[in-house]
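Below is one structure; the comments refer to it alone.
The values are calculated or read from the model by the stated rules, or taken from the named source; none is laboratory data. Everything numeric here is computed off the predicted structure, so don't read it as measured data. FYI the Cβ positions are ideal-geometry reconstructions off the backbone, even for glycines, and counts take in every protein chain you see.
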């Protein structure tokens, strides 16, 4: 995938003894001023995940290009209705920030603003992108530089289809040898208040063959079902702990009277989705799961409200407690939202999520009326905790704002495809179309 311009970097992993300086990468001091805010709304909504290949952690490099704020759309798509009401404000959010210290200085990451490189005239081979700091085409599995080509593409083939509205949670996975997308949508007038799943098959650089029959009692009547996550055959089942012989679907549903996480086989005529056991589903509500099935150890991530606090939780299949993932913004503010619509890569090294932007001095008041933006954090797969602050994917937001001629937009439910050349997400940025559609950003 050829990158036609060097976007500001949002982080990178530097492996082994290779130093940032040796890669023509700036070390600190390269941060840009935060972007300007926009307008508003809030969504306590949805958030699951999809797998993708990523590369491991490492030690850090300098300044990360700053950004403004992103957000949520409150009216559009919410998960548990009481999510925002029950989630107390994080008092640590107003902790003073040491302005003399680069907030991202210790985070793993290349800063593309400090790098120079010229893409090859013919572009990079399929499965590669141009790494401006390494001045070379590298595999998309190299997640050390997260820049994207201009102008995310609106995926009309899977947006506003089959009579549905608000297509969100595009999650890509292998079903046998076929690459498929599962997403959530509302289908009025028969189901105006709840969401069901639809599935599409990869067809060249697009999607086709939309199907809404994903198996027995998937899309349960009158149940709100969101946040699909496709787990390939051979991965450990979160329920049995043994390798699955077939493709699995993780999902959340309120069919039992509260929001809980379920597992199902795809396209089965018998057997209902099975509820995951504790520590998952041990909260007041548990939802929007993703699974680092290729990590060591395999590890689940999901949103939960428990012990009086909501947030993103993680748990290793090898055992132990469910722990809150302690995320912060590069501004120093805590990522204090209950639902982050998060997605972890298959190897557990990179987490992408959506959240409102926050900045001092009042970290508890989100920017841009709480409309969401997209963020990335590098993760230690063994602990499930971040290696540094979460960085905004600023250029994705500003490109869509420019195309829409407005800052009153949200970016939500991000996930990398397997191979990690593309990031899929949902946004309400399409001109003349107020609902959420699916977009693709190419590295």
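The sole residue among 160, 196 that is farther than 30 Å from residue 111 by Cα, touching a residue at least 12 places away in the same chain (Cβ under 8 Å) and in a strand (DSSP E or B) is 196.
Just one of the numbered conditions (1) touching a residue at least 24 places away in the same chain (Cβ under 8 Å); (2) farther than 21 Å from residue 112 by Cβ is not true of residue 421: (2).
Can you find a residue in the stretch 338-356 that is modelled with pLDDT under 95, farther than 30 Å from residue 217 by Cα and assigned to a loop (DSSP other than H, G, I, E, B)? No, the stretch 338-356 contains no residue that is modelled with pLDDT under 95, farther than 30 Å from residue 217 by Cα and assigned to a loop (DSSP other than H, G, I, E, B).
Reported count of residues in the stretch 288-310, each being free of Cβ contacts under 8 Å to residues at least 40 places away in the same chain and either more than 19 Å from residue 262 (Cβ to Cβ) or buried (at least 23 other Cβ atoms within 10 Å of the Cβ) (or both), is 2.
Residues that are under 18 Å from the mean Cα position of the chain (by Cα) and buried (at least 20 other Cβ atoms within 10 Å of the Cβ): does the stretch 157-166 have at least one? So far as the stretch 157-166 goes, yes, one or more of its residues are under 18 Å from the mean Cα position of the chain (by Cα) and buried (at least 20 other Cβ atoms within 10 Å of the Cβ). Filtering 110, 148 for residues that are in a loop (DSSP other than H, G, I, E, B), surrounded by 20 or more Cβ atoms within 10 Å (Cβ to Cβ) and at pLDDT below 90 leaves a single hit, 110.
Which residues, taken from the stretch 359-382, are part of a loop (DSSP other than H, G, I, E, B) and under 18 Å from residue 303 (Cβ atoms)? Within the stretch 359-382, 366 is the sole residue that qualifies.
The residues of the stretch 232-259 that are in a strand (DSSP E or B), surrounded by fewer than 21 Cβ atoms within 10 Å (Cβ to Cβ) and either under 22 Å from the mean Cα position of the chain (by Cα) or in contact (Cβ under 8 Å) with a residue 12 or more places away in the chain (or both) amount to a single one, 236. The single residue among 394, 442 that is over 30 Å from residue 178 (Cα atoms) and either over 13 Å from the mean Cα position of the chain (by Cα) or at pLDDT below 95 (or both) turns out to be 394.
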